[in-house]
Amino acid sequence: MRLAILYAVFYLLVFGVYAVNRIEPMIFGLSFVYFYSLLVWAFGIALVVATAVWR
Amino acid sequence: METWEITTAIVVVYCAVCIGIGVVANRVFRRSLEDFFVLSRRAGLIVVFLAIASTYHSAFAFLTSVAVYASTGISFWIAAMAWVITASVWGYVYGSRVFLIGKAKGFVTPADLLADFYKSEALRFLTAVVMALFIIAYIVVQAIGLGIILAIGSGGHISYQLSSLILMLVAATYVMIGGLRAAYWTDVLQGVWMYVGVWLAGVIITLKFFPHGIPELMSAVKSVNPKLLVMTWSPEMLLSCIMVYGVGLMLLPHLWIKYYAAKDTWTIKWSSVGTAIYLSSYYIPTAFVGLAAAVLNVTGAPGLKAGFISSLIKSFGSRDAVMAYMIYHFTNPLLAGFLLAGAAAAAMSTLDSFLGATSLILTRDIYQRIKRNASERELIIVGRILLLTWAFIGWYLAVLKPGLIFDITAIACAGGLQFLPAILQAIYPERAWLNGRGALYGILAGTIVTSLLAKQIGGKLGFPIVFHPAIAGTIGLAVNVLVAIVVGGKASINEEYVNILKS
């Protein structure tokens, strides 16, 4: 159940790009939305690892 | 030696190694259909992980991701990281269950499972035909990629058509000699080669033009075309790409049968983790090259004319050649040969599995049903002939330069997506909601709708409303589910499958 909730959060964050779809402020030289997507990606990878550990 | 001779020689050496692996695989081959196609179900973690990862990533990842980054920017990354994570998790969920059922019942093809679960030979036939037809799009994609790689790597001395044919025949040869065992083994080599290659290419090419690294590149992109730094794809395109590339692609037979080949569910579970990391991180260096190409296409650079992408489109029918072009012209010849061989590895690691899978499903699900007393030796020979036939069909269509790899790949994956309702019922049999009739008509309706709505098929047939194939596939899935439920009617629980999955 907790995995299902976390995956729902992941996809919400993926589609959340439209809410933060801008260039400024640039972070580490990256556009804001690109930086945001990298964070979502890191969360997604952590989630896949968590799935393997928990199941 | 001239540059093109060095790069071509390295690609030739790479091809020789692949054929050598095919010969070795042939020596350990146990002369049974099960060993020829699913390695007697004994593949361990490294083989399964690299076979799935390198098969998933193809000319699509090495070539077209750069091309799409160059035209639409980071939109590709946002969608791609979501669909590869989806693919990894979905691969684990359905792969483990498909493995358990396949092992318990001795299945080799996707149609084996669906036909048995729904007790329908018509469904077996439809599954084999639909998969074999949609696979052609994927074979075409690899043929295009291989043609681009060797044509550019040979400095234009070998034509696109001949380059494609030569490398297609290399892949067909080692699969014919060593079966899918050769494909699995070469996948391991290719998976490492293409990953190292893509990162080297990404870092070297980026630093060559933007020595201060990513901030300098991003700043240049911002000044040239700021839209490349934000999401420009619509939500429905994002959703459709996740569905088609994340779910549909995993349901195509070349990946499906890799789950049959695994030795246990632990292997599948941890290969999914490796796959998620491998597949998503692969798209980071290609973003560097794609965005760099977008800038250089406007500004030009020493040895590179502004507008070079347009001339590549004229030569190859799409912008897919950007990556190979930049590798050939902006890295030293030895490295260019290594990197282009890595690009060839990306295409061949998928092509070999597709050729093997196609010959498998046509042989087992159609030929063997027509000629029931065929010996295993005869089936393997027929499989090899079919493998070669599909390779030639793919090559012929690639010669016509049908367009961007990204779009053509979506056609094949959209076809794979149409099997989602049927497989979901089979791997979650505890609740009955779909019967054989519903599955059959659902797949049929979904496939027809997808084909008609896909720009590359429906558009050519004169259908008035067409979409990108990814969106067409998602609409097709919706129609598929609707038809499956309405036409199917009452379904009953398959106790045998419930027990297999429980045990």
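The values are calculated or read from the model by the stated rules, or taken from the named source; none is laboratory data. Predicted, not measured: the structure shown is a model, and the values here were computed from it. Neighbour counts are summed over all protein chains in view; Cβ atoms, including those assigned to glycine, are modelled from backbone coordinates with ideal geometry.
A few comments on the model shown:
- Number of residues in the stretch B:76-113 that are within 14 Å of chain A (Cβ to nearest Cβ), more than 17 Å from the chain's Cα centre (by Cα) and not hydrophobic (A, V, I, L, M, F, W, C): the value is 4.
- Residue count, the stretch A:27-55 (criterion: facing chain B (nearest Cβ under 8 Å), of a type outside the set (Phe, Trp, Tyr) and closer than 23 Å to residue B:234 by Cα): 6
- Restricted to helices (runs of 4 or more DSSP H) entirely inside the stretch B:391-462, those with at least 1 residues that are crowded, with 19+ Cβ neighbours inside 10 Å and modelled with pLDDT under 95 are B:405-417, B:458-461.
- Counting only residues that are free of Cβ contacts under 8 Å to residues at least 12 places away in the same chain, closer than 19 Å to residue B:239 by Cβ and more than 7 Å from every other protein chain (Cβ to nearest Cβ), the stretch A:10-25 holds 3 of them.
- Residues in the stretch B:279-306 that are surrounded by 22 or more Cβ atoms within 10 Å (Cβ to Cβ) and either closer than 16 Å to residue B:88 by Cα or among the polar types (S, T, N, Q) (or both): B:279, B:280, B:282, B:283, B:286, B:297.
- Residue list for the stretch B:154-165, restricted to those being assigned to a helix (DSSP H, G or I), surrounded by fewer than 21 Cβ atoms within 10 Å (Cβ to Cβ) and in contact (Cβ under 8 Å) with a residue 40 or more places away in the chain: B:161
- Selection of the stretch B:470-503 for residues being closer than 26 Å to residue B:415 by Cα and small (Gly, Ala, Ser) yields B:470, B:472, B:473, B:476, B:478, B:484, B:488, B:489, B:491.
- Counted residues, the stretch B:463-502 - those being free of Cβ contacts under 8 Å to residues at least 60 places away in the same chain and not in a helix (DSSP H, G or I): 7
- Of all residues making up the stretch B:206-232, the number that are part of a helix (DSSP H, G or I), among the β-branched types (Val, Ile, Thr) and at the interface with chain A (Cβ under 8 Å from one of its Cβ atoms): 1
- Those residues of the stretch B:363-375 which are surrounded by fewer than 24 Cβ atoms within 10 Å (Cβ to Cβ) and not basic (Lys, Arg), in sequence order: B:366, B:367, B:368, B:370, B:373, B:374, B:375
- Checked against the criterion of being more than 30 Å from residue B:324 (Cβ to Cβ), in contact with a helix residue (DSSP H, G or I) (Cβ under 9 Å, 6 or more places away or on another chain) and either modelled with pLDDT under 95 or buried (at least 23 other Cβ atoms within 10 Å of the Cβ) (or both), the stretch B:45-55 has at least one qualifying residue.
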